[in-house]
1. Size of the dipole of the chain about the Cα centre, Lys and Arg at +1 and Asp and Glu at -1 on the beta carbon, nothing else charged, in debye to 20?
2. Just name one of A102, A145, Q156: the one whose Cα is farthest towards the positive end of the charge dipole of segment 60-217 (beta-carbon charges, Lys/Arg +1, Asp/Glu -1).
3. Would you please name the trypsin sites (Lys or Arg not before Pro) within segment 133-229 that are DSSP coil residues with at most 14 other C-beta atoms within 10 Å of their C-beta?
4. Give me the distance in nm between label points sitting 7 Å out from Cα along the Cα-to-Cβ direction at R107 and D231, one decimal.
5. Take every Cα pair under 8 Å in the chain that's 6+ residues apart, average their separations, divide by the length, and report that relative contact order as a whole percent.
6. At a temperature of 4 °C and a viscosity of 1.567 mPa s, determine how fast segment 60-217 diffuses translationally according to Stokes-Einstein, using the Kirkwood radius over alpha-carbon pairs as Rh; express D in µm²/s, rounded to the nearest whole number.
7. Once every DSSP H run of n ≥ 4 in the chain is given -39500 (n - 2.57) and the sum is divided by its residues, what mean residue ellipticity at 222 nm do you get, rounded to the nearest 500 deg cm²/dmol?
8. Count the lysine pairs in the chain whose Cα atoms lie under 20 Å apart, taking only pairs 8 or more positions apart in sequence or on different chains.
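Derivation of every value follows stated rules applied to the coordinates shown; laboratory data play no part. Computed from a predicted structure; not experimentally measured. Ideal geometry is used to build each Cβ from the backbone, glycine not excepted, and the neighbour counts take in all protein chains shown.
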Amino acid sequence: MADEARDEQDSGNRPLPQPRFVPLPDYRRLPPEQMLARAQAFCEQMQRRRTTRQFSTDPVPRRLIELAVQAAGTAPSGAHRQPWRFVAIDEPQLKQQLRDAAEHEERLFYAERITDEWREALHPLGTDHVKAHMTDAPWLVVLFAEKYGLRPDGSQRKNYYVDESVGIAAGIFITAIHDMGLVTLPHTPSPMGFLRDILGRGKNEKAVLVLPVGYPRDDARVPDLQRLPLDQILQWNAPDPTTGETA
Ligand SMILES: Cc1cc2nc3c(=O)[nH]c(=O)nc-3n(C[C@H](O)[C@H](O)[C@H](O)COP(=O)(O)O)c2cc1C
């Protein structure tokens, strides 16, 4: 957070109030066996998460969406700016309007904008411009990143590490949805400007993800993907300077 601290200082040498601290709330040190059991159970639960593209139209209570967003709002953020904003949509007409706009962009994307390399990368997923999930899923949650804050006088307040912070919030949202037994799909129609316009968000926000939420359709299928094994995503310490090898 060194850069963050430097940016704060750059804003001038105004006298600042004394920061306030409270005891770490509700912290409970767990016995090692319990930690391991919980860690294993959580890891197994996360292994079962899959992006699902076929949604049932069965309704999902609004309260579950609220709880997932509240969980996502616990994400850490640069300088605690909390630069995430969620818009939850269940009105059928609005979902249809968003689907029409997304499919317009996606049709152009798949026909003209996509590069050969990108087409190849997407091929195993079997995606195309048809975005039925946007009207089938009972909820569409659109995640916006607040690029900068606005003070009451209209001046801009800098946010820090916006992409990282919003990415972490998205991860917690996706985890919360999975943990409550629902499915979602991080969808990135390209470009996404229509989301801000239709949903009436400010110019200081940019749409990051469309997250349909619901139950999977009975016949839902997912691509046969493999996750990288642990030794390809985790290095312990630094390579040995003489051999270049890691433990
Ligand atoms: C930032 C981001 C953007 C994505 N955009 C799309 C998308 O536009 N359409 C889509 O069908 N899936 C999209 N996905 C889902 C990925 O294709 C999916 O997570 C990946 O294939 C791995 O599958 P899994 O989530 O089931 O493990 C996106 C995922 C992320 C994290």
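1. Working: 31 positive and 35 negative charges, 182 e Å.
It works out to roughly 880 debye.
2. Q156
3. Working: sites: K147, R157, K158, R196, R201, K203, K206, R217, R221, R227; in loops: K147, R201, K203, R217, R221, R227.
Taking segment 133-229 and a limit of 14 other Cβ atoms within 10 Å, the loop trypsin sites (Lys or Arg not before Pro) found are K203, R221, R227.
4. Computed distance between label sites R107 and D231 equals 5.0 nm.
5. 28
6. Values: Rh = 16.5 Å.
Estimated diffusion coefficient is 78 µm²/s.
7. On the way: 9 runs with 93 residues, N = 247.
Roughly -11000 deg cm²/dmol at 222 nm, from the helical runs in the chain.
8. Details: K95/K131; K95/K206; K147/K158; K147/K203; K147/K206; K158/K203; K158/K206.
Final tally of qualifying lysine pairs is 7.
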